[in-house]
Each structure stands twice: as structure tokens, then as C-alpha cells.
Amino acid sequence: MSNANWRGIVGVIKPSYKSGSLVDFIHLLPDGVGVVPLFIGAREHTEDEYLRAMEIYHQRVAELAQIGVDLIHPEGGPPFMVRGYATEKELVQGWQEKYGIPVVTTGMSHCDALHAMGIRRFLGLTPYQGAINDKFADYFKAAGFDVAAMLGIPIDFKRRYDLSREEIYGHIKNAFLPRRDVDGIYLLSPGGWRIVDVIDAEHDLGVPIIHPVAAGVWSVLKHLGVPHPIKGSGRLFEEFP
């Protein structure tokens, strides 16, 4: 009997139970790459909840290590970013030393994708409002990036999964036009936003857009040693740097 996961298995830790990004993630992976998804169960999506969630992340990482995956991918930028870049590195190093399995967080995959696409100065967009966006910006500044702005999209947070492709396009374009001096656009987007929602904006604005699902899949494949360019899913996938 053939091994369905002959290219490797990635253990994914999802912060919430929304399935849109997980569906895209699995769909974009090539044959032979297996996925074991676990969940944190975040509901409030507040800074306090993100700070409390780390104990559950520790439990999920231990579960995946016991299963025996080849790579652990804790998703959810905010739970790590609110702690800061240096603290995230310490957490990841501790997990890798304890379990002997490579670990790449969402934030790490985003930083790697930004570097790979030659993006040093970027415009960031999130569905959050207020001071938490400053913490997201501080995370990337500590990683060596020039953050032109980290803007909260002016929407009701509860509506973040309901935005149409046209609405997402409009928010990205309206934020970019006054800030054309950036190398690219970064989305700290909710799991319900699909890659297809941003491809038109990337084409029309002429700069790469780092989408979390694309960055995650690209990073996982790089770590597993599986180059797999994909046409029609954005510049990061097509160029596969």
C-alpha cells in the first residue's frame, strides 16, 4: 500500500474553528503532503484571550510532536505578535529543542515571504482596531521591516468573514493609493478571506500582496523541501522564490 503522506506531514494549529483558510490551505498543497489540524478554539479575539491562549498552544504542539509530524505550524499571527518578536523566537526555540521537530509560526512565514518577495517597506491591513495594531507593527519592526502603516480596516469586527471580494478589493485599494511608496502590501486577514479575494488587487496595484494562506503554504513547502509553483494564485506562488 502506498503512503499518502510520502512528502511529509505538517501539523497545523488553527486559532479558531472557521474553515475557509484551512480548506484553501489543504487544497493548495500538492499530493503527498499530509495535514493534521488541531484547534485552539478562540472566540473573543481580544488581546487578553490571545495571551491566555498560549497554554493551549503548548498542549497542541505537544500533541503534534507525539503524533510524529515532520513540521509544526502554529497558526494565528496575533497570539504570538502581541508577545513580541523576541518572545516568539524564544517560544519556537524552546519547542524545537524539546521535541526535535521544526516549528514555523504564522508570523515567521509572513516575515519569510516578505523577505523572499523583496519587500522591505510595506503597508499592513488588519480587521482589528486600536492599539493592538501598533503591537503588530512593532513585531515587524523588530524583525527588520519598515512598516509604513498598520491600518485597521474600517469594518465591524464581527463582519470580517462576510466581506465580499469587491469589498476587500476596495479596502486594499483605498488604503494603498495614498501610500504608493511601499514595496508591497501585507494582510493580517481573518481565516474567511480567500486568496482569490486579493489577486485582482495585486494585479491592478502592481505590488505583491502577502496573503496569510499563501505565505503559510509557501513556507510549509519550503521547509518540507517541496518546490511547487502554482499559476493563478498570486505572485508568491507563481514565482515561488
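Nothing in this text is a laboratory measurement; each read-out follows from the coordinates by a stated rule. Just so you know, these numbers come straight off a predicted model, no measurement behind them. Cβ atoms come from the backbone with ideal geometry, glycine included; neighbour counts cover every protein chain shown.
Report the net charge of residues surrounding Gly32, where surrounding means a beta-carbon distance below 13 angstrom and charges are Lys +1, Arg +1, Asp -1, Glu -1. The partial results should precede the final answer.
Working: positive: Arg7; negative: Asp31, Asp70.
Net local charge, Gly32 excluded: -1.
Compute the helix-to-body angle for 54-67: its Cα long axis versus the longest principal axis of the chain, expressed 0 to 90° and rounded to tens.
40
Could you state the number of Å between the C-alpha centres of segment 153-212 and segment 11-90?
23
Which is the longest stretch in the chain that no exposed loop site breaks, taking sites as trypsin sites (Lys or Arg not before Pro) with a DSSP loop state and at most 11 other Cβ atoms within 10 Å? Write down the numbers at each step before the final one.
On the way: sites that count: Arg43, Arg180, Lys231.
No qualifying site falls inside 44-179, the longest such stretch.
Using only DSSP helix segments of four residues or longer, with each worth -39500 (n - 2.57), what per-residue ellipticity at 222 nm results for the chain after dividing by its residue count and rounding to 500?
Values: 11 runs with 111 residues, N = 241.
Result for the chain: -13500 deg cm²/dmol, rounded to the nearest 500.
Evaluate the charge dipole of segment 1-109 about its Cα centre and quote only its size in Debye, nearest 20, assuming +1 on the Cβ of each Lys and Arg and -1 on the Cβ of each Asp and Glu.
Working: 9 positive and 13 negative charges, 27 e Å.
Dipole size: approximately 140 debye.
What's the angle, to the nearest 10 degrees (0 to 90), between helix 212-224's Cα axis and the longest principal axis of the chain?
Helix 212-224 sits roughly 40 degrees off the main axis of the chain.
Between Trp6 and His58, what length comes free when the chain is fully extended (0.36 nm per residue of separation minus the Cα-Cα distance, one decimal in nm)? Don't jump to the answer; show the numbers that get you there.
Details: separation 52, 0.36 × 52 = 18.72 nm, distance 2.71 nm.
Between Trp6 and His58, full extension yields an extra 16.0 nm.
Angle between the Cα long axis of helix 85-99 and the longest principal axis of the chain, 0 to 90 degrees, nearest 10?
So the inclination is approximately 20 degrees.
Would you work out which of Gly124, Trp193, Val207 lies farthest towards the positive end of the dipole of segment 104-209, given +1 charges on the beta-carbon of Lys and Arg and -1 on that of Asp and Glu, about the Cα centre?
With unit charges placed on the Cβ atoms, the residue in question is Gly124.
What is segment 176-230 by shape, rounded, prolate or oblate, if you read a ≥ b ≥ c off the alpha carbon gyration tensor as root eigenvalues and call it rounded for a/c under 1.5, prolate for a/b larger than b/c, and oblate otherwise? The partial results should precede the final answer.
Numbers: a/c = 2.20, a/b = 1.78, b/c = 1.24.
The shape class here is prolate.
Provide the gained length on full extension for the span Arg43 to Tyr161, in nm with one decimal, where the gain is 0.36 nm per separating residue minus the Cα-Cα distance. Provide the component values of the computation, followed by the final result.
Values: separation 118, 0.36 × 118 = 42.48 nm, distance 1.35 nm.
Contour length minus the Cα-Cα distance gives 41.1 nm.
Work out the FRET efficiency for Gln93 and Asn174 from their Cβ-Cβ distance, taking R0 = 51 Å, and round it to the nearest 0.05.
On the way: r = 40 Å, r/R0 = 0.78.
So, using R0 = 51 Å, E works out to roughly 0.80.
Roughly how many debye, to the nearest 20, is the charge dipole of the chain about its Cα centre, given +1 on each Lys and Arg Cβ, -1 on each Asp and Glu Cβ, and no other charges? Walk me through the intermediate numbers first.
On the way: 24 positive and 29 negative charges, 10 e Å.
Computed charge dipole of the chain: roughly 40 debye.
What lysines sit close enough to Lys98 to cross-link, taking a C-alpha to C-alpha distance under 25 Å and skipping anything fewer than 8 places away on the same chain?
Reachable lysines: Lys14, Lys89, Lys222.
Please tell me the relative contact order of the chain in percent, rounded to the nearest whole number, where contacts are Cα pairs under 8 Å and at least six residues apart.
20
How long is the gain from His115 to His27 if the chain were fully straight, where each residue apart is worth 0.36 nm and the alpha carbon distance is subtracted?
On the way: separation 88, 0.36 × 88 = 31.68 nm, distance 2.48 nm.
So the extension gain works out to 29.2 nm.
How large is the convex hull of the Cα atoms of the chain per residue, expressed in Å³ as a whole number? Don't skip to the answer; put the middle values down first.
Details: hull volume 28.3 nm³, N = 241.
So the per-residue Cα hull volume is 117 Å³.
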